[in-house]
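Here the structure is laid out as structure tokens; the discussion comes afterwards.
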Amino acid sequence: MSVEHAGAVAPHEHGRVPGERHATGYDEQTRARLAADAAQIVARYPQARSALLPMLHLVQAEDGYVSPRGIAFCAATLGITTAEVSAVATFYTQYKRHPNGTYTVGVCTNTLCAIMGGDAIWEELSEHLGIGHDETTQDGAVTLERVECNAACDYAPVVMVNWEFFDNQTPASAVEIVDRLVEGEPVAPTRGAASVCTFKEMSRVLAGFPDGRADEGVGAGEATLRGTVLAKQRGWTAPSFDADERAAASGATHGEPAAGDEQSSADRPVTTPADASPAGEQRKQKSDDAKES
């Protein structure tokens, strides 16, 4: 019996198959299509098991989450156990272990976004939608998440929809966004693609299959580029990373570490009474012995 069809059960007397929503196998047409995509993914890596991360996105693009049959498919394709696949799928938050909404709305509540209004946005959305963290509205439209950081602190507070940026949000603007998503209206991110794709479509892109929209919209906005603009206006250049130049600039003599260089505490000279204590002398002696050896 193939892995894809392992665990299949006989139809119930009324025609239903018990557990059919969690079947461990895809139908032949779907399995063949996924196998062709998986072959392209595996071909990118010198070792097949290295393809697991994008393959999890692939099955998530099919099922809307990392399903039991998706786990079985990944394991069979890569020659690893379902336990190994599950260990990876449960580690990363982008992999969902239960059906996800059409749109994942992530509200950053990390330090900067929080003090700029992120906590207020979260509370407003949670109350408005009637769901909490990692929960989905009854119509399956929106899954709400608290996000530790959206990596867009220069636009705080930030909300993301399927990892597209919505910058400088307020509770009111965030509610408007989710209402339009629920109604099926097109929504345009602040930066990036011209519109928000579905969770499944986004998962396929993360699996490594471009949707042709990489060059849409603005990538880095004015706030992100502000430092570059100032540097050009004022003639600033990045410091050299040459070790000898750094040492000369800091005034360090031969044998002394320059500011910022790595240095073991065992190499620090005796300068305090604690350093001169028996324990300190013993430490220094061990360091000297190690250098001589």
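Bear in mind these aren't lab numbers, they're just calculated from the coordinates by the rules spelled out. Bear in mind the structure is a predicted one, so any value in this text is a computation, not a measurement. Positions of Cβ are generated from backbone atoms using ideal geometry, with glycine treated the same way; all protein chains shown enter the neighbour counts.
Of note:
- Here the residues Phe165, Phe209, Phe91, ranked from fewest to most Cβ neighbours within 10 Å of their Cβ, fall in the order Phe91, Phe209, Phe165.
- In a simple Cβ point-charge model (Lys, Arg +1; Asp, Glu -1; nothing else charged), region 41-119 has a dipole of about 180 debye relative to its Cα centre.
- Each part gets one Cα centre, and for region 29-102 versus region 183-242 those centres are 27 Å apart.
- Shape call, region 20-89: gyration tensor on alpha carbons, a/c limit 1.5: oblate
- Near Thr170: Cβ cut-off under 12 Å, other residues only, Lys/Arg at +1 and Asp/Glu at -1. The net charge is -3.
- With neighbour counts taken as other beta-carbon atoms within 10 Å, the residues Tyr45, Tyr155 rank, fewest first, as Tyr45, Tyr155.
- Protection proxy ranking, peptides 110-116, 196-202, 217-223, average beta carbon neighbours within 10 Å, highest first: 196-202, 110-116, 217-223
- Global form of region 103-198, assessed from the alpha-carbon gyration tensor, a/c cut-off 1.5: oblate
- Calculated FRET efficiency for the pair Gln29/Asp139, C-beta based, R₀ 30 Å, to 0.05: 0.55
- Förster radius 35 Å - calculated FRET efficiency between Arg226 and Leu206 (Cβ-Cβ, nearest 0.05): 0.75
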